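S.K.: Can you read through this structure? Questions will come right after.
None of the figures in this text is laboratory data; all of them are computed from the coordinates on show. In this text the structure is predicted, and so the values were computed from the model without any measurement. A quick note on method: Cβ atoms are made from the backbone with ideal geometry, for glycine too, and the neighbour counts reach across all protein chains shown.
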Amino acid sequence: MNVFDDKVALVTGGSRGIGAAVALRLAEDGADVALTYQRGAEAAATVVAKIEATGRRALAIQADSADTDAVTAAVDRVAARLGRLDILVNNAGVYHTGPVAELEPAAFEETVAVNVRAPFVAAKTAAGHMTGGGRIINIGSNVAERVVFPGFSLYAMSKSALAGLTRGLARELGPRGITVNQINPGPIGTDMNPADSPFAATAAGFTALGRYGTPAEVAATVAHLAGDGGAYLTGAMIAVDGGFNI
Ligand code: NDP
């Protein structure tokens, strides 16, 4: 008996980085897993193959998180194809940094659309399919709580907005047995934030552990929240940041 036997999960932005690690971890723990991606069809197919190798069902859906209709259709398709939906992980995100004076309007639009509106729309649609309780896990950022570098205004704004959504949904969906939590990662080695970039030593220096985290370490916390460990835990901000924000 696995933790997530008979459960179905959807991970947005599951083709690379943290999302790919989360998708694989939930499958290893017994869930059937769907993932969305924007451009990386080949990478998504690789994750699907790894999920199927665990013996679970997998589904990859091309759905741009900036497109509300695509997000809604993706969530509905998961429930239709895999029969139910129990766990939603809002992971897809974009990372526009720089002084506010230099950020183009398109960066603002994409940040709000992908980091804020898409989780709102996905949660709204997913909750309609969660008939026997459920789990919604939003991937925020430690900058939702504390901003130590200049140039993070827009990105931090989006992840703080996500925190408000997390708390509001936790109140609203609690009576239906649906928990809603936010994981706020610190520096995690991915394409978005390579652990060998010129910025990496500075970022790692802010952590108590003195190093970058791995996507698998974030995925372990997602698995905890999605399982029994998350049963009485809702509306919380969970820092997986190596002590960056203490
Ligand atoms: P990556 O850039 O490594 O991967 C992003 C994933 O999201 C890819 O699968 C990508 O798919 C998908 N994606 C991006 N834009 C869209 C879109 N418009 N529609 C659908 N899918 C999309 O990012 P990380 O794994 O590093 O980040 C994952 C989450 O964690 C994000 O929300 C990020 O803000 C957050 N985070 C990351 C931190 C870090 O240090 N890495 C720190 C704190 C938070 P495709 O390849 O098809 O484009």
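S.K.: How high is the relative contact order of segment 9-124, in percent, counting Cα pairs under 8 Å that sit 6 or more residues apart?
M.R.: 27
S.K.: Let me ask something else about it. Test of understanding: ordering TYR95, TYR232, TYR212 by Cβ neighbours within 10 Å, fewest first, what list do you get?
M.R.: Fewest-to-most ranking of TYR95, TYR232, TYR212: TYR232, TYR95, TYR212.
S.K.: A further question on this structure: Give the lysines reachable from LYS50 as a straight Cα distance under 22 Å; neighbours fewer than 8 places away on the same chain don't count.
M.R.: LYS7
S.K.: If the chain between GLU172 and ALA208 were fully stretched, how many nm would it gain, using 0.36 nm times the residue separation less the Cα-Cα distance?
M.R.: Between GLU172 and ALA208, full extension yields an extra 9.4 nm.
S.K.: Now for a separate question. Answer with one residue from VAL3, ALA122, ALA23: the one whose Cα lies farthest towards the positive end of the charge dipole of segment 1-133, charges on Cβ with Lys, Arg +1 and Asp, Glu -1.
M.R.: Final value for the positive-end residue is VAL3.
S.K.: May I ask you to derive the relative contact order of the chain, considering only C-alpha pairs under 8 Å and at least 6 residues apart, and to give it as an integer percent?
M.R.: Relative CO of the chain lands at 19 percent.
S.K.: Before rounding to the nearest 500, sum -39500 (n - 2.57) across all DSSP H runs of length at least 4 in the chain and divide by the residue total; then give [θ] at 222 nm in deg cm²/dmol.
M.R.: So the calculated ellipticity at 222 nm is -12500 deg cm²/dmol.
S.K.: What angle do you read, to the nearest 10 degrees and between 0 and 90, between the alpha-carbon axis of helix 41-53 and the longest principal axis of the chain?
M.R.: 50
S.K.: I'd like the orientation of helix 153-173 relative to the chain: the angle between its Cα long axis and the longest Cα principal axis, in ° from 0 to 90, rounded to 10.
M.R.: 30
S.K.: With a cut-off of at most 16 other beta carbons within 10 Å, and DSSP calling the residue loop, which trypsin sites (Lys or Arg not before Pro) in segment 142-246 qualify? Please list them.
M.R.: Sparse-neighbourhood loop trypsin sites (Lys or Arg not before Pro): ARG146, ARG211.
S.K.: Where the centre of each part is set by its Cα atoms, how far does segment 180-244 sit from segment 156-172, in angstrom?
M.R.: When both Cα centres are located, 18 Å separates them.
S.K.: Can you tell me the orientation of helix 17-28 relative to the chain, as the angle in degrees between its alpha-carbon axis and the longest Cα principal axis, to the nearest 10?
M.R.: 30
S.K.: Based only on Cα atoms, what mean projected area does the convex hull of segment 1-89 have, in nm²?
M.R.: 4.9
S.K.: Please compute P(r) over all alpha-carbon pairs of segment 12-144, binned at 10 Å starting from zero, and give each bin as a whole-number percent.
M.R.: P(r) for segment 12-144, in whole percents per bin: 13, 44, 32, 9, 2, 0.
S.K.: Placing unit charges on C-beta atoms (Lys and Arg positive, Asp and Glu negative, everything else neutral), compute the dipole magnitude of segment 8-240 about its Cα centre in debye, rounded to 20.
M.R.: 540
S.K.: Could you list ILE238, ILE178, ILE87 so that the one with the fewest beta carbons within 10 Å of its beta carbon is first and the one with the most is last?
M.R.: ILE238, ILE178, ILE87
S.K.: Starting from the Kirkwood Rh over alpha-carbon pairs, what translational D in µm² s⁻¹ does segment 112-232 have by Stokes-Einstein at 4 °C and 1.567 mPa s?
M.R.: 83
S.K.: I need the shape label for the chain. Rule: rounded when a/c is under 1.5, else prolate if a/b > b/c, else oblate, with a, b, c from the alpha carbon gyration tensor.
M.R.: Cα axes put the chain in the rounded bin.
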